[in-house]
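I have placed the structure first, in the form of structure tokens, so that the comments after it can refer back to it.
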Amino acid sequence: MNDWLRLVFIAYLLLGSWLIADYGISMDEPIQRKHGMVAFEYIRDLSGLFPDVPKQTGAHLPTYDHRDYGMLFQTLAYGLELALGIDNSRDVFRLRHLMVFVLFWAACMVFYRILYRRFGSVALAMAGVLMLILSPRIFGDSMYNPKDIPLLCWFVFAFYTHIRFADRRDRYGPVLHGLACALAIGSRVVGVVWPLISLGYLSLQVLVRRDEKEYLFAFLKRTASYLIFLLLFTFLLWPVLWEDPVGSFLHSFNSMKRFRWYGEMLYMGEMVRSTDLPWHYIPVWIAVTTPLSFLVLMALGIIGMVHRNLKGKWQWLKNRTAGIDLVAMGALAIPLGAVIVLGSVLYNGWRHLYFVYPFLVYAGVWGMHLFWVWYRKKKQLRSVRLLLAGLLLLLAVDLVHILYIMVRYHPHQSVYFNALAGDVERNFERDYYGVSYRQGLMRLLENYPERELRIYSRDFIGKINTMNFPKIEAQRLVFVDRIEEAEFFVTLFNFRSGQEYREFIRGEFPFDQPVEFSIRVKGYRVFTVQRIEAGK
């Protein structure tokens, strides 16, 4: 990596580390912290380590209700919190935000290595990294999301180590790939897709090279080594397996297939149940929340890679770079196909599948590569040169527009929608994670200094976000259980029933109350405070 590239990545690290303080506490963070505490206490009880750390949860990991969650990242975060002696909630969650961002930053560097190894171009590799970073939703979530961003990172690491595993000259490939796959599986059991992809790819290699006895022997040797390290690391890094490896794994796998959440969500102007989603739920969410220029490049790349596969008749598998393409396609298509075929329970947009986004970006870089190869063959034509100039201009304009949105509406990048979304307020849920509460409550405190504020909300995320403030300020934010007791109604517009959505559309109480202020992104509201009039 060149010196100027190192400076770019260092600058990005410093920028992100500075920006994390601007983001609120997301809905999942307190419960994820508890998961880490439960796992930490279980490890302590078994090992006898850290005897002075008091037990906080009273839960036992093998019978814990949420034991199907991967807890490695959460356990490390809690351990670091204890090691640093952090004793206040605001700093606890800022530490966790910093850990999420640093992990994502490391994944960006690894992603650069993947793209450079495949395409041999600094420009294409950096273009891919920028597509990953400058996707507003991914950028925003990379500052705080404690579940979906770590899984995205583990998938990037698994992709990179697969490339090393498939290279017979790399002696550390089986070990590193076993570790990376274990990290992915231990984060969420969907990580089992990686052993399937890697072993499937190498099996195809054996079919293509079945006459090469030397290759077959090397394949069997490396595969055995990989499987040993995979099982070892998965067992060690996922404590819930320690007492009942098979039973605990099957419990987590069955939970993944049909997760226990049965709510309703706003999708394309209708309230839909998480257990009865239309097949197009994920494709539509990806389409309306990804920058349009990125979507065009991704579509071009997917078409190009599929065409190459069909045309090659499998013999192209002997080509190292083509094999990388096949693995990327598998890591993209298998999870997407599985959630559609299995009818998996999903919610909060497509965040549960953020881990496929690097492979969409990979397809986008492939699209750029495909266009560049075509251009080099036709560049003597003036019309082709003009086409390239026009496309580059359009791409530059779109990138400037994306950057403007990310800066102008900071720190609300996670609620980005493109023009395909239409009327966002009527069609889609927005700040499902509640990160905008920090800015909203801060503004409310500034508008009404030195007095108690009685607030009613239909979610619990506001109470969580009082931890963003010093104790004396947090005590002024009093969340009441009944709207009759409140002077302010706060909403994120995350409707959990058809009745709530109809109240909003018709402008019924409490949505008819005077608006104190709203936080808007590109015109649509993500957070609103309304004053409750007396007598209502």
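Read the figures in this text as sums done on the coordinates, not as results from a lab. These numbers were taken from a predicted model, which means no experiment stands behind them. We place every Cβ from the backbone using ideal geometry, glycine too, and count neighbours over all the protein chains shown.
For n ≥ 4 DSSP H runs only, could you compute -39500 (n - 2.57) per run for the chain, divide by its residues and tell me the 222 nm figure to the nearest 500?
Numbers: 21 runs with 320 residues, N = 536.
Dividing the helical sum by the residues of the chain leaves -19500 deg cm²/dmol.
For residue 341 paired with residue 407, estimate the spin-label separation in nm (one decimal), with each label point 7 Å from Cα along the Cα-to-Cβ line.
Once both label points are built, they end up 4.6 nm from each other.
By the gyration tensor of its Cα atoms, with a ≥ b ≥ c the square roots of the eigenvalues, what is the shape of the chain: rounded for a/c under 1.5, prolate for a/b over b/c, or oblate?
Cα axes put the chain in the oblate bin.
Between residue 254 and residue 460, what length in nm is gained on full extension when 0.36 nm per residue of separation is reduced by their alpha carbon distance? Let's see the in-between values first.
Values: separation 206, 0.36 × 206 = 74.16 nm, distance 2.85 nm.
That pair, residue 254 and residue 460, stretches by 71.3 nm at full extension.
For residue 391 and residue 102, calculate 0.36 nm times their separation in residues minus their Cα-Cα distance, and state this gained length in nm to one decimal.
Working: separation 289, 0.36 × 289 = 104.04 nm, distance 3.38 nm.
Gain on stretching residue 391 to residue 102: 100.7 nm.
Please name whichever of 102, 5, 342 sits farthest to the positive end of the charge dipole of region 3-364, dipole taken about the Cα centre and charges placed at Cβ: Lys and Arg +1, Asp and Glu -1.
Positive-most Cα among the choices belongs to 5.
Mind listing which GluC sites (Glu not before Pro) in region 215-284 are in a DSSP loop and have 14 or fewer other Cβ atoms within 10 Å? Walk me through the numbers on the way to the answer.
Details: sites: 243, 264, 270; in loops: 243.
Passing both the DSSP loop test and the Cβ count: 243.
Against the longest principal axis of the chain, how steep is helix 382-408, in degrees 0 to 90 to the nearest 10, with axes from Cα atoms?
It is inclined by approximately 30 degrees.
Which of the trypsin sites (Lys or Arg not before Pro) found in region 120-194 are in a DSSP loop and have at most 14 neighbouring Cβ atoms, other than their own, within 10 Å? Display every interim value, and only then the final one.
Working: sites: 137, 147, 164, 168, 169, 171, 188; in loops: 147, 168, 169, 171, 188.
Sites meeting the loop and neighbour criteria: 168, 169, 171.
Report the net charge of residues surrounding residue 147, where surrounding means a beta-carbon distance below 14 angstrom and charges are Lys +1, Arg +1, Asp -1, Glu -1.
Charge balance near residue 147 sits at 0.
Along the charge dipole of region 431-531, pointing to its positive end and built from +1/-1 on Cβ of Lys, Arg, Asp and Glu, which listed residue (456, 441, 475) has its Cα farthest out?
Farthest towards the positive pole: 441.
For residue 224 and residue 484, compute 0.36 nm times the residue count separating them, minus their Cα-Cα distance, and round to one decimal in nm. Mind dumping the intermediate values first?
Details: separation 260, 0.36 × 260 = 93.60 nm, distance 6.59 nm.
Roughly 87.0 nm would be gained on extension.
Quick check on region 363-414: take the gyration tensor over C-alpha atoms, sort the square-rooted eigenvalues as a ≥ b ≥ c, and tell me if it's rounded (a/c under 1.5), prolate or oblate. If you can, show how the numbers build up before the last one.
On the way: a/c = 7.09, a/b = 2.31, b/c = 3.07.
Oblate, because a/c is 1.5 or more while a/b does not exceed b/c.
Compute the helix-to-body angle for 437-447: its Cα long axis versus the longest principal axis of the chain, expressed 0 to 90° and rounded to tens.
It is inclined by approximately 30 degrees.
What does a probe at residue 217 reach in region 169-194, counting residues whose amide N is under 17 Å from the point 7 Å along Cα→Cβ?
So the set is 169.
Restricting to DSSP loop positions (anything but H, G, I, E, B) with no more than 11 other Cβ atoms inside 10 Å of their own Cβ, which trypsin sites (Lys or Arg not before Pro) remain in region 428-462? Before the final figure, lay out each step's value.
Numbers: sites: 430, 438, 443, 451, 454, 458; in loops: 430, 451, 458.
Of the trypsin sites (Lys or Arg not before Pro), the ones in loops of region 428-462 whose Cβ has at most 11 other Cβ atoms within 10 Å are 451.
Would you mind pulling out the separation of the Cα centroids of region 37-89 and region 123-163, in Å?
27 Å
Once both axes come from the Cα atoms, what is the angle between helix 3-19 and the longest principal axis of the chain, in degrees from 0 to 90, rounded to 10?
That works out to roughly 20 degrees.
Distance check, please: which entries in 213/377; 147/221; 55/471; 147/463 exceed 29 angstrom between their Cα atoms? List each step's numbers first, then the result.
Numbers: 213/377 40 Å; 147/221 35 Å; 55/471 25 Å; 147/463 21 Å.
Where the Cα-Cα span goes over 29 Å, the pairs concerned are 213/377; 147/221.
Could you tell me which of rounded, prolate or oblate describes region 196-279, using a ≥ b ≥ c as the square roots of the eigenvalues of the alpha-carbon gyration tensor, with rounded for a/c under 1.5 and, failing that, prolate when a/b is larger than b/c and oblate otherwise? Write down the numbers at each step before the final one.
Values: a/c = 4.84, a/b = 1.76, b/c = 2.76.
Taking the square roots of the gyration eigenvalues as a ≥ b ≥ c, region 196-279 is oblate.
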